[in-house]
1. Collect the residues in the range 1-46 that are at pLDDT below 90 and among the basic types (K, R), keeping them in residue-number order.
2. Would you confirm whether or not the range 119-126 contains a residue that is at pLDDT 85 or above and in a helix (DSSP H, G or I)?
3. Can you pull out the residues in the range 108-118 that are more than 17 Å from L19 (Cβ to Cβ), in a helix (DSSP H, G or I) and of a type outside the set (A, V, I, L, M)?
4. Every residue in the range 2-30 that is touching a residue at least 24 places away in the same chain (Cβ under 8 Å) and more than 18 Å from the chain's Cα centre (by Cα), please.
Amino acid sequence: MRLVLNIIWFVLAGFWMALGYALAALICFILIITIPFGIAALRIALYALWPFGKTVVKRHDAGVASGIGNIIWFVLCGWWLALGHLVTGVALCLTIFGIPLGLANFKLIPVSLMPLGREIVDIDAVPVAGVEHAVSVPGR
């Protein structure tokens with residue numbers, strides 16, 4: 001099911017949103033001092049191309065620099081990328097077929113506003129809340 005959703009997503013929203021992130025990365029690379037933001041934009045562009053089966057988690061080692069960087073990111077690129085997700089999400093939600101894709105667009109808004117201090121991981125790698133993963137010991 002993830003594959004089907006990712007293919008439909010790519011055609012209807014992913015390609016266009018990834019182009020937006022690539023443009024933001026290009027602008028950040030040109031300004032030289034904002035190269036770390038360009039790298040973050042490319043990471044999110046890959047996530048925006050193929051989002052189903054992946055999720056965003058907060059990094060435990062993110063500090064004050066990530067917070068300050070997120071403020072700069074918001075001013076430079078974040079607000080208009082979030083606006084793109086909002087417009088695309090609303091347009092997709094106008095049809096019953098597009099509702100899951102529209103909701104996925106809405107879930108991308110927080111990471112488009114504040115990407116620093118976050119990590120994109122496979123959904124299978126995230127432990128379920130409240131469940132500890134124990135190592136099974138043979139013979140027990």
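The values are calculated or read from the model by the stated rules, or taken from the named source; none is laboratory data. This is a predicted model, so every value here is computed, not measured. All Cβ positions, glycine included, derive from the backbone under ideal geometry; neighbour counts span all protein chains shown.
1. If the condition is that a residue be at pLDDT below 90 and among the basic types (K, R), then R2 is the only one that fits.
2. No, the range 119-126 contains no residue that is at pLDDT 85 or above and in a helix (DSSP H, G or I).
3. P110
4. Hit for the range 2-30 is I27, nothing else.
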